[in-house]
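Enquirer: Next up is a structure, given as structure tokens.
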Amino acid sequence: SSSSSSSSDPSSYTSPFADFFSNLEAGRTSLGTTAELERRAFEMQEKKLACGVPESALRFRTRSYERSVLPPYVEAGEHRVVVKLAVKDIPFGSEREREVFLEMVGPRYRPKTDEVQLSSEKFASRIENKR
């Protein structure tokens, strides 16, 4: 009597994701590049502000609320934008430049976190306040 051989030998199975997992084990991305190559490519493409600070170093914070049905239809602080920047990300030419900068920003400098925090709510638009 012959049995049907509908099941295949498990040792001959090849996962369709074998290449993906071998790339992971080798530390490569799914494109076949390593994390180091990805980091270098990112650094080459990264945009910098005119002062030399990378855009990725800026951290913005805003608040949003549900629309109010009562006047004045907006909440206090709704258009406020706060930006934080680590002082280590600012390319100072000398230690004296750093000292003068910290004097200029005054209480907006947070020594515990070594960050500068600026905020704006001058305009009735987050987009304008972010500029």
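Enquirer: I need the calculated FRET efficiency for the pair K47 and A26, taking r as the beta carbon distance and R₀ as 41 Å, to the nearest 0.05.
Expert: Efficiency computed from Cβ-Cβ geometry: 0.85.
Enquirer: Tally Lys/Arg at +1 and Asp/Glu at -1 over every other residue whose Cβ is under 13 Å from the Cβ of A86; what's the total?
Expert: +3
Enquirer: Could you compute how much accessible surface D19 exposes when probed at 1.4 Å, giving the result in Å² to the nearest 10?
Expert: Roll a 1.4 Å probe over it and D19 shows about 120 Å².
Enquirer: Something else about it: Assuming R0 = 25 Å, can you tell me the calculated FRET efficiency for the pair D89 and K122, based on Cβ-Cβ distance, to the nearest 0.05?
Expert: Plugging the Cβ-Cβ distance into 1/(1 + (r/R0)^6) gives 0.50.
The values are calculated or read from the model by the stated rules, or taken from the named source; none is laboratory data. Predicted, not measured: the structure shown is a model, and the values here were computed from it. With ideal geometry, Cβ positions are generated from the backbone for all residues, glycine too; neighbour counts draw on all protein chains shown. For accessibility, only protein heavy atoms count, side chains too; no ligands or nucleic acids. Shrake-Rupley method; radii C 1.70, N 1.55, O 1.52, S 1.80 Å.
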